[in-house]
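I have placed the structure first, in the form of structure tokens, so that the comments after it can refer back to it.
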Protein chains: 2
Amino acid sequence: MSQSIQRAIDLIRRSAEHPMSLTEAAEMLGVHKSTALRILQTLEGARFVRKTGAGTYVFGSGLIELSELALGSMDLRQFASEHLRLLQRQTGHTVHLAQLTGDEIIYVDKVDSPAFDAVKLPSRIGRAVSIYASAVGKVILAHLSREERDRLLAHVTFERYTDTTFADRESLDAELARVAQRGWALDDGEHDAYVMCIAAPIMDSRGKVIAAVSVTAIEVIANLHQLKEKLPLLLETSELISKELGFTPERPSAPTAS
Amino acid sequence: MSQSIQRAIDLIRRSAEHPMSLTEAAEMLGVHKSTALRILQTLEGARFVRKTGAGTYVFGSGLIELSELALGSMDLRQFASEHLRLLQRQTGHTVHLAQLTGDEIIYVDKVDSPAFDAVKLPSRIGRAVSIYASAVGKVILAHLSREERDRLLAHVTFERYTDTTFADRESLDAELARVAQRGWALDDGEHDAYVMCIAAPIMDSRGKVIAAVSVTAIEVIANLHQLKEKLPLLLETSELISKELGFTPERPSAPTAS
DNA sequence: CCTTTGCGTTGCGTATGCTGCAATGTATCG
DNA sequence: CGATACATTGCAGCATACGCAACGCAAAGG
């Protein structure tokens with residue numbers, strides 16, 4: 001659409017990976033150096049990129065700050081933070097908070113194990129999660145209305161990542177029915193063969209599912225059975241967070257009792 | 001410099017704060033709605049903003065992801081991560097990692113206390129720290145070469161935030177001499193009257209200071225004396241991180257005493 | 001039910017603002 | 001000290017991003 005803005009975006013993307021010189025930037029865009037320079041200077045003014053002493057350009061603090069600001073202003077994240085950290089300490093495993101935003105599910109928080117022997121998972125805040133090959137994805141899908149579920153799955157092209165992946169709409173629907181009934185989801189290595197996961201939904205004040213919490217472990221650390229033992233803790237966490245968002249379970253016989 | 005890019009930047013900034021409608025965006029920029037639309041569509045294509053169901057635009061996951069990518073690719077952050085988390089658990093206080101990037105010092109990691117009663121500090125990853133009114137700033141300045149220190153302080157306009165602020169070059173230099181000699185810095189409420197802090201430097205393989213670790217507490221939780229008791233833990237942490245970066249202490253007679 | 005209003009969106013001619021060129025400045029090298 | 005390889009600045013031309021006006025659409029209101 002907008003040429004110069006697209007060029008600026010390309011440069012930002014590039015700067016997040018490697019430092020780049022002005023000449024590199026110009027070559028990458030296929031434009032004259034003076035053009036690249038003006039774009040970079042504009043970005044530099046906003047601290048979207050920063051110029052190093054060596055004259056190369058790198059990703060700037062302005063974007064990091066904005067991104068932290070945006071994440072920080074999410075109500076969900078604030079309400080959930082302490083519960084996630086408690087859950088991490090209780091289970092010893094990595095805890096994720098994934099939020100449904102528009103048509104995709106993205107990680108908005110992650111609490112790693114502080115232990116030295118902890119395995120670093122490839123998940124990253126801001127990154128989208130597979131909607132059908134993850135516990136958080138499935139548990140959110142399972143609790144959505146039929147229309148919304150169809151909308152989210154409309155543009156999905158299924159891919160069989162591992163043996164256990166639900167790689168077509170039919171088997172996925174069957175799985176989602178099971179998930180909806182019991183109220184939580186498993187991921188038995190459906191995206192990465194050795195990554196196990198359990199997830200529970202988070203509801204807002206209108207009872208709509210908007211996010212999910214999950215506990216993740218690799219098979220070497222804990223198998224599926226061991227992970228399931230943490231279910232009560234996980235469910236307690238998801239219920240507490242939902243409650244903080246104003247969700248009240250449907251049972252009419254349960255008033256504001258403490 | 002570049003008009004349309006500047007406009008795009010303004011819209012990104014705005015979207016990080018509130019959701020905005022197309023009309024709002026156009027009014028804010030003082031341009032026609034069609035112009036604002038094209039900019040937003042370009043940004044949307046890169047997931048720098050996202051369009052909500054209500055038709056408003058919000059900060060997109062693309063920028064969050066890029067920012068996490070940029071932070072994650074910093075070697076320092078990877079090497080330091082687990083040490084910071086250990087230090088947090090050992091001290092119970094908030095731990096910061098601040099890195100010297102260009103002419104400014106920014107927070108690149110932060111480990112809050114997971115305790116429920118923990119006070120949320122206003123610091124935020126990506127934000128710049130005062131270079132002369134913070135423990136991390138002072139400890140980095142104190143270990144820099146004379147030229148670099150002068151360069152960093154050249155454009156600084158001193159401001160006396162509190163009674164204890166070193167608000168002129170002369171008193172700051174005296175303080176920096178003390179800091180350099182003992183190898184760590186204090187912040188006795190020099191930026192915010194009730195925020196106490198101790199910091200130690202992190203060296204790279206060439207022995208140059210590139211970052212600092214700090215332990216922070218508000219006076220209600222721990223006074224300066226109590227904070228100083230954590231010094232051995234702090235120094236151990238900073239030395240371990242420096243070692244991971246390839247730094248070897250000059251003193252051959254100082255073994256790995258615990 | 002039709003009208004009105006307030007949005008977002010599209011097509012198009014125009015001029016603004018971006019681009020490329022060439023010249024200048026600056027640092028690093030032989 | 002000249003040569004090279006950069007980044008940077010000024011300027012003229014034209015491509016591109018702009019504003020306008022018309023359209024589509026949904027919600028509000030008579």
Segment B:151-202: trypsin sites (Lys or Arg not before Pro) in DSSP coil with no more than 15 other Cβ atoms inside 10 Å: B:R160
Mean separation of Cα contacts under 8 Å (6+ apart) over length of chain A, as relative contact order %: 14 percent
Average other protein chain Cβ within 10 Å of Cβ, residues B:4-13: 6
Label distances, nm, A:E236 versus same residue in remaining copies, Cβ-directed 7 Å point: 3.2
Karplus-derived 3J(HN,Hα), 6.51/-1.76/1.60, for each residue of segment A:130-135, Hz, glycine and proline x: 4, 7, 10, 10, 7, 5
Net lengthening on full extension, A:K208/A:E24 (0.36 nm per residue, minus Cα-Cα): 61.4 nm
Computed E for B:K51/A:S73 - FRET, C-beta separation, R0 22 angstrom, nearest 0.05: 0.75
For the protein assembly as shown: rounded, prolate or oblate by the Cα gyration tensor [a/c cutoff 1.5]: oblate
Other-copy label distances relative to B:G72, 7 angstrom Cα-Cβ extension, nm: 2.2
Cα-centre dipole for the protein assembly as shown with unit charges at Cβ (Lys and Arg positive, Asp and Glu negative), debye to 20: 660 debye
Highest-first arrangement of B:240-246, B:162-168, B:220-226, where packing means the average Cβ count within 10 Å: B:240-246, B:162-168, B:220-226
Tilt relative to chain A, helix A:169-182 - C-alpha long axis, 0 to 90 degrees, to 10: 60 degrees
Nearest-first distances (nm) between copies at B:Y194, label 7 Å from Cα via Cβ: 4.9
Overall form of segment B:74-244 per C-alpha gyration tensor (a/c, 1.5; a/b vs b/c): oblate
Ellipticity estimate at 222 nm from DSSP helix runs (n ≥ 4, -39,500 (n - 2.57)) divided over chain A, nearest 500: -14000 deg cm²/dmol
Per-pair calculated FRET efficiency, R0 = 35 Å: B:R124 and B:Q41 via Cβ, rounded to 0.05: 0.70
Segment A:1-152: relative contact order as a whole-number percent, Cα under 8 Å and 6+ apart: 13 percent
Dipole moment magnitude, nearest 20 debye, chain B about Cα centre, only Lys, Arg, Asp, Glu C-beta charged: 680 debye
Cα-based helix-to-principal-axis angle, B:75-91 vs chain B, degrees rounded to 10: 60 degrees
Cβ neighbours within 10 Å from other chains - mean over A:67-79: 5
Crossing angle, helix A:3-17 versus chain A [Cα axis fit, 0-90 degrees, rounded to tens]: 70 degrees
Segment A:3-66 - percent relative contact order, Cα under 8 Å, separation 6 or more: 33 percent
Residue of B:E65, B:E239, B:E104 that the Gaussian network model of chain B assigns the largest fluctuation, springs spanning Cα pairs under 10 Å: B:E65
Chain B Cβ-axis minimum, rotational copy A, residue and distance in Å: B:S67, 2
Chains A and B together, accessible area buried on both sides, 1.4 angstrom probe, square angstrom: 4600 Å²
Inter-chain shielding of B:126-138 (mean C-beta neighbours from other protein chains, 10 Å cut-off): 2
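The values are calculated or read from the model by the stated rules, or taken from the named source; none is laboratory data. Remember, predicted model here, so these are calculated numbers, not experimental data. Backbone-built Cβ (ideal geometry, glycine too); neighbour counts: all protein chains shown. SASA here: full protein model, heavy atoms, side chains in, ligands and nucleic acids out. Shrake-Rupley method; radii C 1.70, N 1.55, O 1.52, S 1.80 Å.
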